[in-house]
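One structure below.
Please treat every number below as a calculation from the coordinates, not as lab data. Please read all numbers here as calculations on a predicted model, not as lab measurements. Heads up, the Cβs are rebuilt from the backbone with ideal geometry, glycines too, and the neighbour counts pull from every protein chain shown.
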Amino acid sequence: MGNKALDKKQFSDALARRLPAYYRHVCIMLAEGKQTVTSSELAKKIGNTSAQVRQDFFTCGGVENYHLDTLKDWLSGLLGIKEKHHMIVIGAGNLGRAIISFKDFNTDGFFIDAVFDNNLMFDGMQICGIPILNVTSLEEYLETNKVDIVVITTPAGVAEEILEKSIKGGVKGVWNFAPVDLRSTEEVEVHNVHLSDSLLTLSFRMNEKNTAKK
């Protein structure tokens, strides 16, 4: 694999979205006992072209071969998952609980250490063995613990405040599920997730096909 220094700011959003898909399919093929893959095979997996796969890999530093174990190691480096990431979740509601219960995060080096909520009834309780703390202790926790990523599953009205506290606490990444768009800053990278957007995109494509048939 090419390993030249890369300015990751040159990567397009579209490429950034394809890299996890490459990684996921490489892991699946490895689990199936496969050892190598071609650009055409990988392109078919993600619904793209072999030329796009080769261009993506070239943009990211170049690829010397398509051995799956080597590809996995290379993609792991690009995605920044060779090191353990410490996470906390803000909000112990249904969405927060669903995220905490998703065990595959651990496989890729993402570990949830604590959950925070403003409901006093949750104090002292656990979700999947992870302690629920009162959100009033968030700032103190950030001062005394290493936190790489904060996951926000709160109502929109408090998301901005959580972001500010995260920045102050030295957090580098925020995964925001609150129904409001938070902005990245020089200190922190923010990724906004709106679950309804994916459903609306599906509806749009369904409607597009129905309209074309008329």
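Of note:
- Applying the criteria of a DSSP loop state and at most 14 other Cβ atoms within 10 Å to the trypsin sites (Lys or Arg not before Pro) of the range 144-179 yields K146, K172.
- Relative contact order (percent, whole number), the range 109-214, Cα cutoff 8 Å, 6+ residue spacing: 17 percent
- Relative contact order (%) - criterion: Cα under 8 Å, at least six apart; region: the chain: 13 percent
- Residue of F58, F111, F122 that the Gaussian network model of the chain assigns the largest fluctuation, springs spanning Cα pairs under 10 Å: F58
- Restraint check, K44/K146; K72/K103; K103/K165; K34/K146; K72/K165, Cα-Cα greater than 31 Å: K44/K146; K34/K146; K72/K165
- Net lengthening on full extension, N207/T144 (0.36 nm per residue, minus Cα-Cα): 17.6 nm
- Choice from F110, F177, F57 showing the highest fluctuation, given a GNM over the chain with Cα pairs closer than 10 Å: F57
- Crossing angle, helix 195-213 versus the chain [Cα axis fit, 0-90 degrees, rounded to tens]: 40 degrees
- If both residues of a DSSP beta bridge must be in the chain, then about 10% of such bridges are antiparallel.
- Estimated 222 nm signal from helices in the chain, with DSSP H stretches of n ≥ 4 weighted -39500 (n - 2.57), rounded to 500: -14000 deg cm²/dmol
- Alpha-carbon Debye profile of the range 149-214, log10 I(q)/I(0) at 0.29 Å⁻¹: -1.20
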